[in-house]
Amino acid sequence: MNEDIIISELRNSDMEFKKYFNEHIKLEQDLEALYSLKIIPPEVEANIKQIKLTKLKNKDLMDQIITKYKKELVTNTKV
């Protein structure tokens, strides 16, 4: 099954995945806004680093959910 289809299904059926996905999108928008500043003060740079860490954590959690979903698909297909 295509990864985009899996993500779409999980966004509709898994509230935890949907939460991480939506937060990931919001954080990406926040980063874009911060990067658009002409001058980035040190406190903003620290905020950017924190956003990147949170995005990475969310991506890892989404990947875990996707992996679990794929394993369940394989298990259910074999039955």
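The values are calculated or read from the model by the stated rules, or taken from the named source; none is laboratory data. Only a predicted model underlies this, so the values are computations on that prediction, with no experimental measurement involved. Cβ: placed from backbone, ideal geometry, glycine included. Neighbour counts: every protein chain shown.
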Checklist entry - Is it the case that region 14-31 has a residue that's of a type in the set (A, V, I, L, M, F, W, C), surrounded by 14 or more Cβ atoms within 10 Å (Cβ to Cβ) and under 15 Å from Lys68 (Cα atoms)? => result yes
Checklist entry - Restricting attention to region 49-63, does a residue exist that is polar (S, T, N, Q), surrounded by 12 or more Cβ atoms within 10 Å (Cβ to Cβ) and out of contact with any Pro (no Cβ under 8 Å at 6 or more places or on another chain)? => result yes
Checklist entry - Going by the structure shown, is Lys59 under 30 Å from Thr77 (Cα atoms), in contact with a helix residue (DSSP H, G or I) (Cβ under 8 Å, 6 or more places away or on another chain) and in a helix (DSSP H, G or I)? => result yes
Checklist outcome for this item: Within region 24-47, residues being part of a helix (DSSP H, G or I) and either more than 18 Å from the chain's Cα centre (by Cα) or free of Cβ contacts under 8 Å to residues at least 24 places away in the same chain (or both) number 14
Checklist entry - What are the residue pairs meeting all of these: first residue in region 50-76, first residue over 15 Å from Ser8 (Cα atoms) and among the charged types (D, E, K, R), second residue part of a helix (DSSP H, G or I) and at pLDDT 95 or above, Cβ atoms under 6 Å, and 6 or more apart or on different chains? => result Lys55/His24; Lys55/Leu27
